[in-house]
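The values are calculated or read from the model by the stated rules, or taken from the named source; none is laboratory data. All of these numbers come straight from a predicted model, not from anything done at the bench. Counting neighbours? That spans all protein chains shown, and the Cβs are built from the backbone with ideal geometry, glycine included.
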Amino acid sequence: MPKTSKKTAKKKVAKSKKSTSIKTKPAKEVKKVIVEEKKTKAPVKISKNYLPKETEKYMCEKHLIFFKIKLTEWKKELVKANNEALYHGSMDDNSISADIVDQASSYTDKAVEMKAINRQIKLISKIDQALLRIKNGTYGFCEETAEPIGLKRLVARPVADLCIAAQEKHEKEEKVYADD
């Protein structure tokens, strides 16, 4: 009997060794990749003569595209006009003229042109801010009250960032402090 018990004992040891070796191997993990399909909307197209309507949802996709196009075109026109003014301004130089009156006139003209260019540069920065608000989704809403600015006001002044009530309050405060 001792012989048979040794054999069965060896088999058990061998089986246990095999089972332990299987357990020590790292199990392969199967990763499931879940692909979520994003619903991409077809780009909204608007005609060249489109105007935002009060009956449409305020600052819907059409409105945002309309104002983005309007602001971008306005910016291109201003940049082009500034570049032309700077180019032509540098060409017309009467400052070396012998006549003092001509020199004074030339300096005055240049000063007026530079003021106009500076105003346009400030306007370009306001257009950039408005384009950024369109991107952020805050365009068309007052920065102080968060109320809608209104389509008529935005069509007239696309860079407006305050509603009429907030703008009037702001102008009154400017006037009060300017008088002091």
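Some observations on this one:
- Residue among Ser47, Ser95 that alone is closer than 29 Å to Val159 by Cα, modelled with pLDDT under 90 and not in a helix (DSSP H, G or I): Ser47
- Among residues of segment 114-125 that are within 14 Å of Lys76 (Cα to Cα), those with a Cβ under 6 angstrom from a residue that is among the basic types (Lys, Arg) and at pLDDT 95 or above, sequence gap 6+ or separate chain, pair up as Ile124/Lys75.
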